[in-house]
1. Which residue, ILE134, ILE20, ILE194, tops the fluctuation ranking in a GNM of the chain built on C-alpha contacts under 10 Å?
2. About its Cα centre, how strong a charge dipole does the chain have in debye, to the nearest 20, once Lys and Arg get +1 and Asp and Glu get -1 at the Cβ?
3. When the chain is treated as a GNM, springs tying every alpha-carbon pair under 10 Å, which of GLN226, GLN168, GLN65 comes out with the largest mean-square fluctuation?
4. Which one of ALA222, ALA60, ALA75 has the biggest mean-square fluctuation once the chain is modelled by GNM with Cα springs under 10 Å?
5. For THR191 and ILE154, what does the FRET efficiency come to when R0 = 41 Å and r is the distance between their Cβ atoms, rounded to the nearest 0.05?
6. What residue among ALA126, GLY245, ILE161 has its Cα farthest toward the positive end of the dipole of the chain, where the charges are +1 on Lys, Arg and -1 on Asp, Glu, each on the Cβ?
7. Put +1 on the Cβ of each Lys and Arg and -1 on the Cβ of each Asp and Glu in the chain; which of PRO218, ALA86, PHE24 then has its Cα farthest toward the positive end of the dipole?
8. Normalising by the residue count of the chain, find the relative contact order in percent from Cα pairs under 8 Å and 6+ residues apart.
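Bear in mind that the values in this text are calculations on the coordinates, not laboratory data. Since the model is a prediction, treat every value here as computed from it, not as a measurement. Neighbour counts run over all protein chains shown; Cβ positions are idealised from the backbone, glycine included.
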Amino acid sequence: MSEQTIRFDDGAAYEQMMGIWSRFAGKIFLDWLAPPKALRWIDVGCGNGAFTELLVGTCAPSEVQGIDPSEGQLAYARTRPGARLAEFRLGDAMALPFPADRFDAAIMALVLIFVPEPAKGIAEMARVVRPGGIVAAYMWDMPGGGFPLEPLLIEMRAMEITAPRPPQREASRMEAMLDLWKEAGLENIETREITVHRTFADFDDWWMTGMKSPSLGPTIAALAAQDHAALKSRVSARLPAASDGRITYAGRANAIKGYRPGPSRS
């Protein structure tokens, strides 16, 4: 598969394709972080606000800044009733538009592999949190098969169908994430795996959800009719259904947290 920049610009499509998955994993992630209330947060790569809304509703923050390079995603985020506390603005993960020591917590939810230079992104997160502040992220384990659309990727590879893939997918390995956090000078680093399950009404529900992927969907839509049918049949055979037709599939993410050196200032 070719490596190139993948853009998420349709907030509504992202909500069905990945927003739901993000909240499932995000709930476990926030429970693991167990942050105190009234923190100042920055959500780097906030997208359509799926995780941001969960953060606001779960952690009682005093402030949340959501940063993303897609105005289409941000426009959707601003419509979320549960995220009204948050302010959403255009921004680059590798050059955050805030001074040093500005936040108590900086997080990335399903973003790391889309940052062109992950080390710069983590260094920026560390820069904008105060001494003692937390820097944390979770990302599907792409090389390890944790991506929720892995059955589709497996069969595309088997049929030699080329599609774009995130250029920094290796950054989602736990070992790579650990290296990034250490290189950023963060301390007291901890990691964990997060496994979540999502149930679809039937295979067509799973398939149509997957087709909303901005990388895989257009590639599959461009296939010849016989190749499209063959791919769909192969993926269906890989996803066993329950007696009522429902399909339950798991996604697995790697999560990490660390702290900027220095005394905590609550």
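1. Sorting by GNM fluctuation, first place goes to ILE20.
2. Taking the Cα centre of the chain as origin, the dipole is about 500 debye.
3. GLN226
4. Between ALA222, ALA60, ALA75, it is ALA222 that shows the largest mean-square fluctuation.
5. Using R0 = 41 Å, I get an efficiency of 0.95.
6. Value computed over the given set: ALA126.
7. ALA86
8. 23
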